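Just so it is clear, none of the values below were taken in a lab; they were calculated from the coordinates. None of these values were measured; they are calculated from a predicted model. All Cβ positions, even for glycine, are placed from backbone atoms using ideal geometry, and neighbour counts span all protein chains on display.
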Amino acid sequence: MIDPVILQQGSDWRAQAEVFEEIFFVFLALGTLVGTIVVAYTLWNVYKYRDDGDRSDEEFDAPVVGELPTGQGGPKAKKLFLSFGLSAIVVISLVVYAYGLLLYVEQGPDTGDEGNIEITVEGYQYGWAYEYPNGHTERGELIVPADHRINLNITSRDVWHNFGSSRLRIKSDAIPGEYSQTWFSVSSETVREQGGNATYLVQCFELCGPGHSAMKGQITVLPQDEWEEWYANTGNGSASASIRGSGVAAPSGVSA
Ligand SMILES: [Cu+2]
């Protein structure tokens, strides 16, 4: 059922969380650098042009409102255009860079649609229901395999909700009669690091009624083989009951 080549590709994808962390770090680093330069330059000028009582008023070349400071043969204007040019380069580069990454976040990795798992998420007052491609439904806990792109089609049964998981950096509206899309992917390394199954808290991010704060769920990511075993048994209900909360696959042959 699952192509091993796709699995291989899975480890090269970038999760949304990684992308957002990179954007955050780049903006923080650049902001700190530019801020340090601007503040240092300002303080240096404050010191350099301080009033030490030596200068008479006649020598003072005050700036004139509405005029570019070109009166002194150009050096001041050069400085103005240099700082304006540098700022423009920094801002334009950041816009292009962030826009490119956000397009990736929006579209997700190109998997040729093979191996992707489509899940329908339905919010209701107060909880989450999930429907798998084989028609199996779960409440509260979404169980998915590592190294796959999980596509979520999110909707609502009653009022506006918002499906999100902070650690996965995903968040999408759940609106009655409409479907919004998002995706996520957790690598098998992450699952291994977290001791065999990775769990992520799901919360509602749209005030939807008195039970809003209790509208929680969980995403559980299992290793490929464990998930397949679990999924193969979802038709009869027994495996589903045994895995809930434990994150451990039911022993094979337990059904029948
Ligand atoms: Cu809600």
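Were the residues from V64 through N134 laid out at 0.36 nm apart, the gain over their Cα-Cα distance would be 17.7 nm. Charge tally around E122: other residues with Cβ under 9 Å, Lys/Arg +1 each, Asp/Glu -1 each, net 0.
So what's the net charge close to P176: Lys and Arg +1, Asp and Glu -1, counting the other residues with Cβ under 15 Å from its Cβ?
-4
The 3J(HN,Hα) values that the Karplus relation (6.51, -1.76, 1.60; θ = phi - 60°) gives for segment 109-124 are, in residue order, x, 7, 10, x, 6, 7, x, 6, 10, 9, 10, 9, 10, 10, x, 8 Hz. Gly and Pro appear as x. With R₀ fixed at 35 Å, the C-beta to C-beta distance from K171 to L86 puts the FRET efficiency at about 0.50. With the simple spin-label model, which puts each label point 7 Å out from Cα in the Cβ direction, the E118 to R14 separation comes to 2.8 nm. Between E22 and K216, residue separation times 0.36 nm minus the direct Cα-Cα distance comes to 67.1 nm. Taking H as built 1.01 Å from N, whose amide H comes closer than 5 Å to the amide H of W128, not counting residues under 5 places away? Excluding prolines and chain starts, which carry no amide H, the hits are G140.
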